[in-house]
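FYI, it's all coordinate maths here, none of it is from the lab. Quantities reported herein were computed from a predicted structural model and do not represent experimental measurements. Glycine also receives a Cβ, built like all others from the backbone with ideal geometry; neighbour counts cover every protein chain displayed.
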Amino acid sequence: MKRLFALLLLALGVIPLVAQQPAKPDPTQLYSLVDGKTIVKTNPFSDLFGNLNLKVERILARGLSAQLSAYYAPKGSESVRQNGAFHTYSSVLYMMPLAADQAKFLTLRPQLRWYLNEGKGHGFYVEGYYQFQRSSFRNQQITEYYPSKEGKSQYYSLTYDGRSTLHGYGIGIGAQWLLGRRKNIVLDWYILGVGRGIVRGSFDGTSMLEGSPWPAGDHTEEEALLRRRLYSVDDGAKYSFDDAAHQVKVTNIKHTAYLLDMGLSIGFRF
């Protein structure tokens, strides 16, 4: 009787194990070439417009990953109005792929992502990032109305080349999917990223007043004109003028930049 009772207890313990559904396999560990925790991506639309980019994401734990994004525009636009210059709406620095008037730049952006469903590299996410960007501008032009003392209408212009460095930070939201039979194709929809930073830079160029060089001597009024035209640049900027070469140089430029980014990347999980 005791032996029968023991067998009955053993059977009752085994039944739940037999009836239990097997755990669903983690797609990040199936069919991967290495360990399934590394993802390499690029935005192909951005690449087509000369903004080369590469993103490498590494899964650290369930719901957490780190990513390093690199952007490079090897040739800036020759347009006289480029994003990222100091005098126009450049206080907003875009990473948008369709920005045809982009400057030449190199950007590095380390990111930390939190997946809201605790997915390993998939699902909706929130991220925080730091951004370093170095840019150079060519053929920029400042134009400003400058009435003469006699009341004559005339225009001042300054054509210049410039350089700048950005240190910024921000947050973003997006969603990422693992696709295909083996879940190795990755689609990353970066819905929106916003941030801000500090830009420091300098530029030098040639100034003209109605097609002729600015008169030699006193440049107080020219400096005041430039200070009005350089949006958001603080008062610490330094101005120097070379009458012989008709050159203007502005250094120690500093202003706040606002960052905006969105895009669609495709990649592969290893």
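Between Ser148 and Leu192, the contour length at 0.36 nm per residue exceeds the alpha carbon distance by 11.1 nm. Which FRET efficiency, nearest 0.05, do Asp218 and Asp47 yield, Cβ-Cβ r, R0 45 Å? Calculated value: 0.35.
Here r is the Cβ-Cβ distance between Lys249 and His167 and R0 is 22 Å; the resulting FRET efficiency, rounded to 0.05, is 0.40. Directionally averaged projected area (segment 121-197, Cα convex hull): 8.9 nm².
The distance between label points at Leu68 and Val126 comes to 2.7 nm (points 7 Å beyond Cα on the Cα→Cβ vector).
Between Leu108 and Arg228, the modelled label-to-label distance comes to 4.2 nm, taking each label 7 Å out from Cα in the direction of the beta carbon.
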